[in-house]
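Read the structure below first, then the notes.
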Amino acid sequence: MISPATDLFVGDRVVVRYLLGDATPADWRGDHGAARSDVTGILLDDGDPLILERDGVAESIPRARITSVRLLSAKTVRNSEIRALEMAAAAAWPGLESADVDGWLLRAADGFSRRANCALPLDRSARPTESSLTRIGEWFTTRGLPTRLVLPDRLLAATGLDGDDGPRVQVLTRDLPADATSTTERLSTVTLADTLTPEWVRAYVHGERELGTATRVLASADGPVVFAAVNGSAATPIAIGRAAVTTAPDGISWLGLSAVWTDPAHRRVGLATTVVSRLFEWGVERGAVRAYVQVDITNRVAGSWYRRIGFGLHHEYRYLTLPAGGTEQMTEEIEQ
């Protein structure tokens, strides 16, 4: 019996491999006496039994019979589409300075956020060679930062890379409606601004230490960027969200969502949905046709919520922080 999968969410597309059991015809069982079969579908219930929707029919599979569960993207995704979306997402969160090293995009922002302080293999030529990793490490070291790599699904064979793993991150996407405009009174409670206020930034970073750096990082994007808020008393935000529109090399204009947050005292009343709906409108007005959001796989609440409002898995990536001064030995092991 498999243990409950912690990386699956209701709404995900999965492949389940399971034992057919004693009722299986003898000529199906082979030498081991039990045949296996696969079923691909949308996860409706991750309990016991596991319930999938396949071609409009609910299939129940007892966990005791399941031998493996594999997570799939919501739709078939090509490597070129992963690379294109990663480029659009990098443009929406470019950090404060950047450089290209052997096909790797390097970003730095005084340590504020992982995304703005990492090396991303955007070009097809990017490889974790000794020369590349040495140059990447030197670039981050001179800025007082750890050497953190981003390793997107299928874009880079990272076997042999040693370091400290960060959380896996899922990139979730959905189509935007061609006409997302709405005149509902609830959406009118959301204010949009092109510039940040200290109150908005404090709601996001929850402290003063990084206020200046966070303001500059949040305001940076290689395209239109906007800041949404629902204000409570004294103009203090009780729900916020950031969005940027950037265009990928394949011509798709993406609406990137980030910094979606609701004050704990005001949750479960639909404020986040209202903020995101207003940002959808804003994005469509600026030519966006699809939306994405990046969510740590450990954030079960956010992962489930985004799926409920129409997002599905596009691809995953993980962070890897390299040991200080250890790139030479590590790359020698890779190349052997």
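The values are calculated or read from the model by the stated rules, or taken from the named source; none is laboratory data. Owing to the predicted nature of the structure, the values given are computational and were not obtained by experimental measurement. Note that we place each Cβ from the backbone using ideal geometry, even for glycine, and neighbour counts take in every protein chain shown.
Between residues in segment 161-179 that are farther than 18 Å from residue 74 by Cα and residues that are of a type in the set (Ser, Thr, Tyr) and surrounded by 13 or more Cβ atoms within 10 Å (Cβ to Cβ), which pairs lie under 7 Å by C-beta distance while being six or more apart or on different chains?
From segment 161-179, the pairs are 163/321; 164/321; 166/319; 166/321.
When segment 113-134 is examined, which residues are found to be in contact with an Asp or Glu (Cβ under 9 Å, 6 or more places away or on another chain) and surrounded by fewer than 17 Cβ atoms within 10 Å (Cβ to Cβ)?
123, 125, 129, 130, 131, 134, listed by residue number.
Looking at 110, 123, which is the one that is within 23 Å of the chain's Cα centre (by Cα), assigned to a loop (DSSP other than H, G, I, E, B) and at positive phi?
110
Residues that are at pLDDT below 95 and either of a type outside the set (Lys, Arg) or more than 20 Å from residue 170 (Cβ to Cβ) (or both): find the helices (runs of 4 or more DSSP H) completely inside segment 226-336 holding 3 or more of those.
327-335
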